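Undergrad: What follows is a single structure, and I will ask about it in a moment.
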Amino acid sequence: MKNPLRRLRLPTGRSAVIALPYAWLLLFFALPFLIVLKISVSEMETVHFKDLVSYADGMLRVAIKLSNYLFITEDELYFKAYLASLKYAAITTVGCLLIGYPFAYFMARARASLQPALLMLVMLPFWTSFLLRVYAWKGLLGEHGWVAEAIEGLGLDQLLYSAGMIPALGKLLNTPFSLVVGMVYTYLPFMVLPLYANLAKLDLRLLEAASDLGATPWQAFWRITVPLSKAGIIAGSMLVFIPCVGEFVIPELLGGPQTLMIGRVLWDEFFSNNDWPMASSVAVVMILLIIVPLALFNRYQAESQAGPAAARKGGQP
């Protein structure tokens, strides 16, 4: 008689490796998101929520509340908060890219013995508390702060005032400028590290070949280095943009009334208004604003990569 246990197909190593990330996403993203989605369409009774599906007297009743989502589309406050969050997240992402790309490029081209020290400098801020670093900028940009005095001494506050980043000359704290500075400083390592990992693997023989063909260093940089580092740029931009959209601490400590972001609105709905369904609706819309464009972009990237791969496969004898 054959052993029935032999018929059981145990998962292979490859299946287990593939299943582990999906299990992680299911446990820590999909399930919490479904819980938040359920709360957003539920009716709240004091500290409890009504059941979405109930059965009584032979009748099955489904109660889904969509008024919160309709209210978001009608209230101008939420539209302005979403728009401000996307705007400041985009500005922060561009700022981190402009600062982080040269630094990552320098790290990748530095001597092998120097690269660990440079990598340590990038990771060094993580050794201190996030709140302490943000509070430090309050002192640096506040009255008599040495960064504020340097900006005023160089006359840069006039430029910032002309650009609308500060409401008045000498007023640097609790402004859009201080918010952007704090967010760029905080999220800069998340841009540098993926770029460095990508640029460090770049084949330098391609640059030598471009130089032999008559390309200037600037042309080789734009036509070879930047296109080949696109994956690092995308990864760093996503790592910066996504958390910046829902940022709460930095806008609260360094921003002002002009910098109302969706994280502050979420806080007010949860803890000031104690309206959990409304707060959950705001959170769901915020997640969709991030996930949907990201999913469409990933689909476009997969299709664009599948096209050349299929062409190469079809050209094989």
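Undergrad: At residue 258 and residue 147, where each label point lies 7 Å from the Cα along Cα→Cβ, what is the point-to-point distance in nanometres?
TA: 1.7
Undergrad: Tell me, what ³J(HN,Hα) does each residue in segment 262-278 have, in order and in whole Hz, if you take phi through Karplus 6.51 cos²θ - 1.76 cosθ + 1.60 with θ = phi - 60° and put x for Gly and Pro?
TA: Ordered by residue, 3J(HN,Hα) equals 5, x, 5, 5, 4, 4, 5, 5, 6, 9, 8, 7, 6, 9, 5, x, 5 Hz.
Undergrad: As a check on your grasp of the helix formula, calculate [θ] at 222 nm for the chain: sum -39500 (n - 2.57) over DSSP H runs of n ≥ 4, divide by the residue count, round to the nearest 500.
TA: Value at 222 nm, helices only: -20500 deg cm²/dmol.
Undergrad: How far apart, in nanometres, would the label points at residue 117 and residue 130 be if each is projected 7 angstrom from Cα along the Cα-to-Cβ direction?
TA: 3.1
Undergrad: Expressed in nm to one decimal, what extension gain is obtained for the pair residue 272 and residue 221 from 0.36 nm per residue of sequence separation less their Cα-Cα distance?
TA: 13.2 nm
Undergrad: So which of 80/230; 87/171; 65/87 end up more than 28 Å apart, counting from Cα to Cα?
TA: 80/230; 65/87
Undergrad: Students often forget the sequence filter, so: which aspartates and glutamates lie under 17 Å Cα-Cα from residue 38 once same-chain residues fewer than 8 apart are removed?
TA: Partners within reach: 51, 269, 275.
Undergrad: Find how many whole Å separate the alpha carbon centroid of segment 84-134 from the alpha carbon centroid of segment 206-267.
TA: With segment 206-267 and segment 84-134 each reduced to a Cα centre, they are spaced 10 Å.
Undergrad: Same structure again: Using r as the Cβ-Cβ distance of residue 205 and residue 297, and R0 as 30 Å, what FRET efficiency do you calculate, to the nearest 0.05?
TA: With R0 = 30 Å, the Cβ-Cβ based efficiency is 0.45.
Bear in mind these aren't lab numbers, they're just calculated from the coordinates by the rules spelled out. Please read these numbers as outputs of a predicted model, since none were measured by experiment. Cβ coordinates were reconstructed from backbone atoms using ideal geometry, including for glycine residues, and neighbour counts include every protein chain displayed.
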